[in-house]
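Heads up, the thing below is written out as structure tokens.
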């Protein structure tokens with residue numbers, strides 16, 4: 001899998017958030033998008049996910065050297081972020097089943113195993129509205145990482161996780177991120193210790 005960003009920029013009204021980004025992301029690597037709050041990290045991640053469009057330049061996607069149409073890129077990625085909510089009326093099991101209708105899980109992983117990996121097997125039938133913030137975050141991250149897609153996008157992945165949850169996150173990434181393309185937005189070094197490339201969004205300010 002390959003993502004090629006060419007002279008990309010994004011502006012709101014007359015203000016450029018960033019400009020002239022040229023970068024290539026490839027499978028088998030983990031990338032960290034760095035920068036202070038408000039620098040545009042999340043905006044760049046949303047551009048990469050296809051959920052918003054560039055104001056200048058382009059983002060192209062390739063799988064096995066074949067270009068993917070922009071409106072099909074959703075089939076190749078998952079994203080977990082603080083601004084993306086779970087369906088709180090669902091139970092944990094229902095939420096997992098719902099996602100499984102659109103994106104299958106990695107080969108051999110059942111819905112029951114997703115619950116177990118998320119440490120939510122005892123809360124399988126509890127509505128998500130009654131979950132703690134940490135439980136919700138584990139479910140969000142699990143749904144993203146365990147999906148059978150080549151690209152995983154994470155924004156501030158350890159938000160609301162305690163020390164046990166942080167160790168769970170590192171173990172999850174170690175076990176399931178190999179040979180995939182991982183991009184993580186973060187201000188915390190501990191979230192990106194396994195990333196082999198780091199990109200400071202401040203370098204693309206005008």
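The values are calculated or read from the model by the stated rules, or taken from the named source; none is laboratory data. Bear in mind the structure is a predicted one, so any value in this text is a computation, not a measurement. Positions of Cβ are backbone-derived with ideal geometry, glycine not excepted, and every protein chain shown enters the neighbour counts.
Points to keep in mind about this one:
- Selection within region 155-165: residues that are in contact with a helix residue (DSSP H, G or I) (Cβ under 7 Å, 6 or more places away or on another chain) and surrounded by 15 or more Cβ atoms within 10 Å (Cβ to Cβ). The member of this set that is nearest to residue 40 (Cα to Cα) is 155.
- Output for region 156-177, where each listed residue is touching a residue at least 12 places away in the same chain (Cβ under 8 Å) and more than 28 Å from residue 10 (Cβ to Cβ): 161, 162, 165, 166, 168, 169, 170, 172, 174, 176
- Some residue of region 36-52 being buried (at least 17 other Cβ atoms within 10 Å of the Cβ), part of a strand (DSSP E or B), touching a strand residue (DSSP E or B) at 6+ places or on another chain (Cβ under 9 Å) and modelled with pLDDT of 95 or more: no
- Residue match in region 36-48 (condition: on the phi > 0 side of the Ramachandran plot and touching a residue at least 12 places away in the same chain (Cβ under 8 Å)): yes
- If you filter region 3-15 down to residues that are part of a strand (DSSP E or B) and surrounded by fewer than 17 Cβ atoms within 10 Å (Cβ to Cβ), you find that the one that is nearest to the chain's Cα centre (by Cα) is 4.
- Number of the condition not met by residue 102 [criteria: (1) under 20 Å from residue 200 (Cα atoms); (2) without any contact (Cβ under 8 Å) to a residue 40 or more places away in the chain]: (1)
- Within region 117-144, tally of residues that are in a helix (DSSP H, G or I) and surrounded by 15 or more Cβ atoms within 10 Å (Cβ to Cβ): 14
- The set of residues in region 53-78 that are assigned to a helix (DSSP H, G or I) and in contact with a strand residue (DSSP E or B) (Cβ under 6 Å, 6 or more places away or on another chain) comprises 73, 76.
- In region 176-206, the qualifying residues are those that are within 18 Å of residue 137 (Cα to Cα) and in a helix (DSSP H, G or I), and the one that is farthest from the chain's Cα centre (by Cα) is 190.
- Only a single item in (1) modelled with pLDDT of 95 or more; (2) more than 15 Å from the chain's Cα centre (by Cα); (3) farther than 30 Å from residue 124 by Cβ is not met by residue 104, and it is number (3).
- Which listed residue is without any contact (Cβ under 8 Å) to a residue 24 or more places away in the chain, more than 20 Å from the chain's Cα centre (by Cα) and not in a strand (DSSP E or B), from 113, 89, 85: 113
- Residue match in region 26-34 (condition: in a strand (DSSP E or B), surrounded by fewer than 16 Cβ atoms within 10 Å (Cβ to Cβ) and in contact with a strand residue (DSSP E or B) (Cβ under 7 Å, 6 or more places away or on another chain)): yes
- Subset tally (residues that are out of contact with any helix residue (DSSP H, G or I) (no Cβ under 8 Å at 6 or more places or on another chain) and surrounded by 13 or more Cβ atoms within 10 Å (Cβ to Cβ)) for region 172-187: 3
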